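Remarks on the structure that follows.
The values are calculated or read from the model by the stated rules, or taken from the named source; none is laboratory data. Given the structure is predicted, the values throughout are model-derived calculations rather than measurements. Every residue, glycine among them, receives a Cβ derived from its backbone with ideal geometry; neighbour counts consider all protein chains shown.
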Amino acid sequence: MIRHGITFSLVVAVMALAPAVERPFSATERSQVPERLTWNLADLYPSDAAWTEAKDAFQKRLPEMAPYKGHLGDSPQSLYAGLSTMMSMDKDLSRLMSYASQLADQDTKVSKSQEMLQGIEQVAASFGAAVAFVRPEILSMDPAKVDQFVAAEPKLKDYKPYLDNILRMKAHTLNAEGEKLVAQANGQMGGSAESIYSIFTNADLPYSKDVKLSTGETIPLLDAAAYTKYRASNNRADRDEVFKAFWTRYNDFHRTLGTSLYSQVKAHIFNKEARHYDSCLQAALDRNNIPVEVYTQLISDVHANLPTLYRYLKLRQRMMGVDQLRYEDLYASIVKDVDLHYTPEQAMDLTLKACAPLGKTYVDDLKKGYDSRWVDFMPSTGKKSGAYSNGAAYDVHPYQLLNFMGGYDDVSTLAHESGHSMHSYLSNTHQPYVTADYSIFVAEVASTCNENLLLHYMLKNEAKDDATRLYLLGSYLDGLRQTLFRQTLFAEFEMKIHQMAEKGETLTGDNLSKLYLSLLKEYYGDAQGVCKVDDLYGVEWAYIPHFYYNFYVYQYATSLVASTSIANMIREGEAAKPPSMKARDAYITMLSSGSSKYPIDLLKGAGVDMTTSAPFSAAMKEMNKVMDEIEAILNKQAAAKTAGRK
Ligand SMILES: [Zn+2]
């Protein structure tokens, strides 16, 4: 299957710093939500009956692939016929899946929708089995022959990126028997470590039972959700208690959790060896054809810019009014709660205005989307939580699921998901189906670029008073801390533990904690007295499920670096005299390119070369500018206070 990839959400919500605000909206029954705030699934199929009819028709098509098995390499025409049949079926299936999964998500209580979803998932599995021969058959072809086919059959031209992307893996592909063994090994054993980790930490890990807060309240069970809630407490003694209790419990099991993570790393080593890669890192990045330098560049950029993180930490210390900042202080709120409330209409209006630098066509298309009910806004009982954009219905339009509660972060989420939706819309409009999808490496650029534009629009036009500015700037700054620095620390840890294991070193809970602690101390400036890190927190690695996702987290950092850099270039172009639309046009071209080029080349086209320091420098420039502005406001407030006392 081409379209249905998984993305893992950030452990830390970027807006975690923002204090909980009173929400004007809460969940009601779906039937009470005004129609204009619901998505229009009728654009996919006019009725459930029409969907069922389309599903039956699709099922009848399943045998269509069989005649091509063993014959893709016969002639350019048979290769084209096989691939185009598969793509046309995949396109229909994606539309069927979209309808069923969105219907199921809008109200999980409706069992008929769940049955429809299960039904189509079974059909998808049959389709997967019917096309399973395609990839190995292409891989068995000589690349020169494939090139000759493409030259001889013009209709194959659209399929060239797809074919190239498969063929570049040839050096890392085994003979049929070898592939079968690797697939069996991965299928039977590859996921074991993660399953054990997940069951252990979610179900069996005994959490601390009696954490007593300063209010006299005893937290009955300090699990991960309670930890995330109470680590943000404004009472320092409470934070200390919560950290100590939570990490002591993890530390009690660090040997087991270390063995579990080591098992996962060994599975990566097995694949690296079997597929003849130099390192696990190279093997993982090769999936999206990302050069290893992009990864190592990110890590060295972060190290070179630790002084910027230290500046942030000192600013946090000043705003919190503590004489020594400690690791326990990083989640407490540094900005006063401000009353920012928005209706869905205001959120759409703000997002459209904020996207103005992307050009009139972008804004008009997005507005048309809002007006024609792309978005399912309101929370309702039984609705899936969180937010997503689904652009899989190629010849219909993208959809968004939100749970809009009326806070600023909800507006930001709309801007974020609208970035994904417009990326899908533009790629679906400009690309043939085979290259209309896009990889996660570029996906989060499109979404976070819009968040950046929204923030700058707010600062320029809406947030006039200091309290609101501090709130927006402070939240943004903490997002940068968590996404650029914390995620890169994870990425560095992940790289180092694989290197240790590749050298034959055994990973244990003890040496994992030792390594993690040394990174924590370095990143947070412990030796320089910037932020003190207690040795106990070396076990934090055991809490991060993403270490089981095979070099995934670095993309959070790289996408934010790329989007910050792109948004800056677009603003600079706008402000130039005469204004230059070069950066904007290059970015829109990237959004319209789907997967017709490799992610790293797409970004290069948009003006960001991720193998250099330039994009990271642009992000750091912005981070420093935000800190300048916060300091100016604080200095002004301090001066006013002094003047008031005189
Ligand atoms: Zn996203």
Every pair of residues 6+ apart whose Cβ atoms lie under 7 Å, when the first sits in the range 473-487 and is assigned to a helix (DSSP H, G or I) while the second is of a type in the set (D, E, K, R) = Leu473/Glu629
Of the residues in the range 71-119, how many are over 25 Å from Pro398 (Cβ atoms), polar (S, T, N, Q) and at pLDDT 95 or above?
-> 4
Counting only helices (runs of 4 or more DSSP H) wholly inside the range 539-639, the ones holding at least 1 residues that are within 23 Å of the chain's Cα centre (by Cα) and polar (S, T, N, Q) are 554-575, 582-591
Failed criterion for Leu473 (all others in (1) in contact with an Asp or Glu (Cβ under 7 Å, 6 or more places away or on another chain); (2) within 16 Å of the ligand (Cβ to nearest atom) hold) | (2)
In this structure, is Ser424 more than 16 Å from Asn40 (Cβ to Cβ), in contact with a Pro (Cβ under 7 Å, 6 or more places away or on another chain) and either within 15 Å of the ligand (Cβ to nearest atom) or of a type in the set (Phe, Trp, Tyr) (or both)?
-> yes
Sole exception among (1) away from the ligand (no atom under 16 Å from the Cβ); (2) more than 30 Å from Thr28 (Cβ to Cβ) for Ser439, by number | (1)
Do any residues in the range 224-238 that are of a type in the set (Lys, Arg) have Cβ atoms under 9 Å from those of residues that are part of a loop (DSSP other than H, G, I, E, B), where the two are at least six apart or on different chains, and which pairs are they?
-> Arg231/Leu330; Arg231/Tyr331; Arg231/Ala332; Arg236/Val322; Arg236/Ala332
Would you mind stating whether Ser385 is of a type in the set (S, T, N, Q), surrounded by fewer than 19 Cβ atoms within 10 Å (Cβ to Cβ) and either within 24 Å of the chain's Cα centre (by Cα) or within 16 Å of the ligand (Cβ to nearest atom) (or both)?
-> yes
Could you figure out which of (1) modelled with pLDDT under 95; (2) over 30 Å from Asp43 (Cα atoms); (3) not β-branched (Val, Ile, Thr) isn't true of Tyr327?
-> (1)
Thr259 vs. criteria under 30 Å from Asp323 (Cα atoms) and assigned to a helix (DSSP H, G or I) | no
Which of the residues belonging to the range 116-154 are basic (Lys, Arg) and under 23 Å from Tyr438 (Cβ atoms)?
-> Arg135
When you scan the range 444-470, how many residues do you find that are among the acidic types (Asp, Glu) and either within 14 Å of the ligand (Cβ to nearest atom) or at pLDDT 95 or above (or both)?
-> 2
Subset of the range 268-284, residues buried (at least 18 other Cβ atoms within 10 Å of the Cβ) and of a type in the set (S, T, N, Q), comes to Asn271
When the range 384-427 is checked residue by residue, the ones that are over 26 Å from Phe25 (Cα atoms), assigned to a helix (DSSP H, G or I) and free of Cβ contacts under 8 Å to residues at least 60 places away in the same chain are Ser424
Kindly indicate whether any position in the range 328-340 is farther than 30 Å from Tyr230 by Cα and assigned to a loop (DSSP other than H, G, I, E, B).
-> no
Inspect all residues belonging to the range 496-516 and state whether any of them is in contact with a strand residue (DSSP E or B) (Cβ under 8 Å, 6 or more places away or on another chain) and not in a helix (DSSP H, G or I).
-> no
Quick one: is Gly369 in contact with a His (Cβ under 9 Å, 6 or more places away or on another chain), assigned to a helix (DSSP H, G or I) and more than 16 Å from the ligand (Cβ to nearest atom)?
-> yes
